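Okay, so here's the structure we're looking at.
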Amino acid sequence: MDKPTRNFAAKYHEFLQAHPKGHFMQSLGWAKLKSEWKNEIICVDDENGNIKGSMSLLIRKLPFLPYTIMYSPRGPVCDPHDAQVIKELLDKAKKVAKKYKSYVLKMDPDIEIEDKEFEEIVKKLGMRIFQGLGNYDGIQPRFVFRLDLRNKTEEELMKNFHHKTRYNIRLAQRRGVRIKIGTRDDIAIFHKLIVETGIRDGFIVRQQEYYEQVYDYLGPEHVRVYLAYYEDTPIAGSIAILWGNKCWYLYGASSNQLRNLMPNYLLQWEMIKWALESGCDIYDFRGVPGDLSEDNPMVGLYRFKKGFKGKYTEFVGMLDYVFNPFVYFLAENGITLFRRSRRILFILKNRITGAK
């Protein structure tokens, strides 16, 4: 997009901060972070010129084809039951799609699956909804844990945690685990930990520069880097983002050593306290599996987050608004294959590097 004027940028930022569906992934900072994507912001105003609905659109060219994919992470930001505003946003998205030859608009809104009114609205507007047990079949996680902080104190929250969670938080404290709020310079330490975690758990890790840019474009006001130390050794870390009425646990990492000191429990507690002190309504633990069978390797992550007694939340799913059905069919099959191949290559590459 053209660089937004200072007045619009401030107005848009204020809208996202105040709206209950505002999300950091809809921000100008997040769009700047996704530098490989073009960005367009579309808005619907009320009669007084105030924003009442918006979408940040990320647009990226497909390899080998003269078409683009359009994606609005956690969009739209509006009253989810205002069908007219949603329609106006989609109409504006169509114009952007024509400009960039986009074959689809994808959205994964912050709307819970129980909201059948929203589901009916988007279906009537011609959107396809994809729902399944795979939490990462889409782009953002569809199943999360969310902790309601409204009218709670630290003591009330701690008392409500599972007794093993309380025990592990206190165990980390008793055994001398120390939590440090890091600076941008400490992201190098965090990155070493998350690479170690990615190799161990089999997920893709970005380059260090990416995490530094998260800090540059959204922090330090909205971002905190947390590091857990035992004596002088960093043994775990996390990055949290605070935006509007919510705080998100965005990235987490831990060393293969000294995991018995339970540093990740203490890290979560420190991030929850930051959210509480900042007046947030919700602390979001982010992704957990939809398939809770015992043979799912991610079920341990589910148990860890469940111990903090948040709400197991399922979002409505991935929404696709198709502009070109033929290209859509070709591209969607190719994207699925690319994601699987990328994950396998990352694991193999880092295992070979680690073995040297």
Just need a number here: residues in region 80-99 that are surrounded by fewer than 18 Cβ atoms within 10 Å (Cβ to Cβ) and either among the small types (Gly, Ala, Ser) or modelled with pLDDT under 95 (or both).
-> 1
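How many residues does region 63-79 contain that are closer than 11 Å to TYR100 by Cβ, of a type outside the set (Phe, Trp, Tyr) and surrounded by 16 or more Cβ atoms within 10 Å (Cβ to Cβ)?
3
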Residue within region 124-142 that is under 25 Å from LEU301 (Cα atoms), in a helix (DSSP H, G or I) and not hydroxyl-bearing (Ser, Thr, Tyr) present = no
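Yes/no per residue for (1) within 19 Å of LYS159 (Cα to Cα); (2) part of a helix (DSSP H, G or I); (3) in contact with a Leu (Cβ under 7 Å, 6 or more places away or on another chain); (4) among the acidic types (Asp, Glu):
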residue: LEU250; (1), (2), (3), (4): no, no, no, no
residue: ASN256; (1), (2), (3), (4): no, no, no, no
residue: TYR265; (1), (2), (3), (4): yes, yes, no, no
residue: TRP269; (1), (2), (3), (4): yes, yes, no, no
residue: LYS273; (1), (2), (3), (4): yes, yes, no, no
residue: GLY290; (1), (2), (3), (4): no, no, yes, no
residue: PRO297; (1), (2), (3), (4): no, no, no, no
Filtered residue count, region 78-97, keeping only those that are more than 14 Å from ILE42 (Cα to Cα) and either outside any loop (DSSP other than H, G, I, E, B) or in contact with an Asp or Glu (Cβ under 8 Å, 6 or more places away or on another chain) (or both) | 4
Looking at (1) in contact with a His (Cβ under 6 Å, 6 or more places away or on another chain); (2) under 23 Å from ILE199 (Cβ atoms), which is the one condition that is false for ILE241?
-> (2)
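Picking from LYS306, LYS246, LYS311, which residue would you name as being out of contact with any Asp or Glu (no Cβ under 9 Å at 6 or more places or on another chain) and closer than 30 Å to LYS116 by Cβ?
Just one listed residue meets the conditions, LYS306.
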Of (1) at pLDDT 95 or above; (2) within 30 Å of GLN213 (Cα to Cα), GLY134 fails just (1)
The listed residue being more than 30 Å from TYR229 (Cβ to Cβ) and surrounded by fewer than 22 Cβ atoms within 10 Å (Cβ to Cβ), out of LYS159, LYS124, LYS152 = LYS124
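So that you can scan it fast, the table gives a plain yes or no per residue for (1) in contact with a Pro (Cβ under 9 Å, 6 or more places away or on another chain); (2) buried (at least 16 other Cβ atoms within 10 Å of the Cβ):
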{"residue": "GLU294", "(1), (2)": "no, no"}
{"residue": "LYS306", "(1), (2)": "no, yes"}
{"residue": "PHE315", "(1), (2)": "yes, yes"}
{"residue": "LEU319", "(1), (2)": "yes, yes"}
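Has region 228-236 got at least one residue that is under 30 Å from GLU314 (Cβ atoms), surrounded by fewer than 21 Cβ atoms within 10 Å (Cβ to Cβ), out of contact with any Asp or Glu (no Cβ under 6 Å at 6 or more places or on another chain) and modelled with pLDDT of 95 or more?
The initial filter retains those residues of region 228-236 that are under 30 Å from GLU314 (Cβ atoms), namely 236.
Cutting the leftovers down to surrounded by fewer than 21 Cβ atoms within 10 Å (Cβ to Cβ) gives us none.
Within region 228-236 (the criterion being under 30 Å from GLU314 (Cβ atoms), surrounded by fewer than 21 Cβ atoms within 10 Å (Cβ to Cβ), out of contact with any Asp or Glu (no Cβ under 6 Å at 6 or more places or on another chain) and modelled with pLDDT of 95 or more), the answer is no, since none of the residues qualifies.
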Mind checking whether some residue in region 256-273 is touching a residue at least 12 places away in the same chain (Cβ under 8 Å), β-branched (Val, Ile, Thr) and surrounded by fewer than 20 Cβ atoms within 10 Å (Cβ to Cβ)?
-> no
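Residue by residue, here is whether (1) closer than 30 Å to TYR328 by Cα; (2) among the small types (Gly, Ala, Ser); (3) in contact (Cβ under 8 Å) with a residue 24 or more places away in the chain; (4) out of contact with any helix residue (DSSP H, G or I) (no Cβ under 7 Å at 6 or more places or on another chain) holds:
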site	(1), (2), (3), (4)
PRO4	no, no, yes, no
PHE15	no, no, yes, yes
PRO20	no, no, yes, yes
LYS34	yes, no, yes, yes
VAL44	yes, no, yes, no
SER54	yes, yes, yes, no
PRO63	yes, no, no, yes
Within region 310-322, is even one residue closer than 30 Å to TYR100 by Cβ, of a type in the set (Ser, Thr, Tyr) and in contact (Cβ under 8 Å) with a residue 24 or more places away in the chain?
-> yes
Selection from region 176-194 of residues that are under 25 Å from ARG259 (Cβ atoms) and either outside any helix (DSSP H, G or I) or within 19 Å of the chain's Cα centre (by Cα) (or both) = GLY176, VAL177, ARG178, ILE179, LYS180, ILE181, GLY182, ILE187, PHE190, HIS191, ILE194
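I'm trying to understand the selection: among the residues of region 1-54, which are in a strand (DSSP E or B) and surrounded by 16 or more Cβ atoms within 10 Å (Cβ to Cβ)?
Passing the criteria: LYS38, ASN39, GLU40, ILE41, ILE42, CYS43, VAL44, ILE51, LYS52, GLY53, SER54.
The values are calculated or read from the model by the stated rules, or taken from the named source; none is laboratory data. Remember, it's a predicted structure, so these values are computed and weren't measured experimentally. Reconstructed Cβ throughout: ideal geometry from the backbone, glycine too, with neighbour counts over all protein chains shown.
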